[in-house]
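Peer 1: I'd like to ask some things about the structure below.
Just so it is clear, none of the values below were taken in a lab; they were calculated from the coordinates. Note that the structure is predicted; figures quoted are calculated from it, not measured. Positions of Cβ are generated from backbone atoms using ideal geometry, with glycine treated the same way; all protein chains shown enter the neighbour counts.
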Amino acid sequence: MTHKIRTSKAGYNAITETAPNNLTFSSDYNTLKYDISGYVDVTYNKDASPITYVTGNVAHNLGYEPFFYVLVDDESSGTTFEFTPKIFRPLLAARSFYAFTTTTTLYFVTEMLGAGGTDNKTARFRYFIFRNNLGF
Amino acid sequence: MSYKFAVSKATKNVLTATDPNDFIFHSNYNTFKILAHDTGTISVASGFNGTKTITHSYGTRQGFFVFFKYPSGRTTYFHNPIRIGSSDDTLTIDYFLNPPSNNANTISFDIANSGGSSLDIKYSYYLFEIAI
């Protein structure tokens, strides 16, 4: 015999409700499980030329590729975080902020191509890593 | 009569805590339920530039997240690039014209393989409870 755990939203019957969105929890469905989250700062030259990559990273050491997502405040304004990838392609320049993972490490990348001057900035990456195995 | 079911973090009193972050679970707050998850592989022929499709056949349009694992082993979501001098430079997911999108039964995305041989890209998708 299979048993289930369910809690419903107020006004819904946990025993008879079938719409997942009306259940605050149902053991029929998996959920995302937090592992770690935090910030990583990466200082880069916004006007670099030729194209320059500067990276940061954080170890998760899970042994598999985990579910994750990353936001970036590209010049550490302290006010605006955007979902990565953040990609600019203005005329004669390229500026991108993105992230990828391996089985051990989450990497944060700044990719810059400018006129060849110096304009140092610091990007603040905000990361969330979950225990969920992507299954590769 | 309504009841609550709650589990608090260690050192937090489940009966008196009020901050949602102090709970491992609380029935007052919805959880982000995963309706479906699957993985697969798509082969991309040398010189291919066009749309590829993942068929999930769920039947309704749901919130989604899709990850891709490139031949180098680097893994990321949606249309994050995978550069840094990697051989994966020859495999790119378009981020302007048609980034990954989801409908009732498929996830589609544009991909280009500018390399000299066919390459495989692995995918892992999640469908979440929220309809879109």
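Peer 1: For segment A:93-106, what are the residues that are at the interface with chain B (Cβ under 8 Å from one of its Cβ atoms) and under 11 Å from the mean Cα position of the chain (by Cα)?
Peer 2: A:Tyr98, A:Ala99, A:Phe100, A:Thr101
Peer 1: Just checking: which of the strands (runs of 3 or more DSSP E) contained wholly in segment B:45-126 hold 1 or more residues that are within 21 Å of A:Phe108 (Cβ to Cβ) and within 14 Å of chain A (Cβ to nearest Cβ)?
Peer 2: B:62-69, B:75-77, B:91-93
Conditions (1) more than 23 Å from B:Ile121 (Cα to Cα); (2) surrounded by 14 or more Cβ atoms within 10 Å (Cβ to Cβ), marked per residue:
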position: A:Thr80; (1), (2): yes, no
position: A:Phe97; (1), (2): no, yes
position: A:Thr105; (1), (2): no, no
position: A:Val109; (1), (2): no, yes
position: A:Ala115; (1), (2): yes, no
position: A:Asp119; (1), (2): yes, no
position: A:Thr122; (1), (2): yes, no
position: A:Phe128; (1), (2): yes, yes
position: A:Arg131; (1), (2): no, yes
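Peer 1: For segment A:74-133, give me every one of the strands (runs of 3 or more DSSP E) that falls completely inside it and has 3 or more residues that are of a type in the set (Phe, Trp, Tyr).
Peer 2: Output list reads A:94-101, A:120-133.
Peer 1: Restricting to segment B:58-91, give me the number of residues that are more than 17 Å from the chain's Cα centre (by Cα) and of a type outside the set (Gly, Ala, Ser).
Peer 2: Residues flagged as more than 17 Å from the chain's Cα centre (by Cα) and of a type outside the set (Gly, Ala, Ser) within segment B:58-91 amount to 7.
Peer 1: For segment B:14-44, name all the residues that are away from every other protein chain (no Cβ under 12 Å) and over 17 Å from A:Tyr34 (Cβ atoms).
Peer 2: Within segment B:14-44, B:Val14, B:Leu15, B:Thr16, B:Ala17, B:Thr18, B:Ile42, B:Ser43, B:Val44 qualify.
Peer 1: Kindly check whether there is at least one residue in segment B:97-110 that is of a type in the set (Asp, Glu) and closer than 23 Å to A:Ser96 by Cβ.
Peer 2: Yes; the residues of segment B:97-110 include at least one that is of a type in the set (Asp, Glu) and closer than 23 Å to A:Ser96 by Cβ.
For (1) free of Cβ contacts under 8 Å to residues at least 40 places away in the same chain; (2) more than 13 Å from chain B (Cβ to nearest Cβ); (3) over 12 Å from the mean Cα position of the chain (by Cα); (4) over 30 Å from A:Arg6 (Cα atoms), each residue gets a yes or a no:
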| position | (1), (2), (3), (4) |
| --- | --- |
| A:Asn22 | yes, no, yes, no |
| A:Ser27 | yes, no, yes, no |
| A:Asp35 | no, yes, yes, no |
| A:Ala48 | no, yes, yes, yes |
| A:Ser76 | no, yes, yes, yes |
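Peer 1: Of the residues that sit in segment A:78-92 and are farther than 26 Å from B:Thr75 by Cα and of a type in the set (A, V, I, L, M, F, W, C), which one is farthest from the other protein chains (Cβ to nearest Cβ)?
Peer 2: Filtering segment A:78-92 for residues that are farther than 26 Å from B:Thr75 by Cα and of a type in the set (A, V, I, L, M, F, W, C), the one farthest from the other protein chains (Cβ to nearest Cβ) comes out as A:Leu92.
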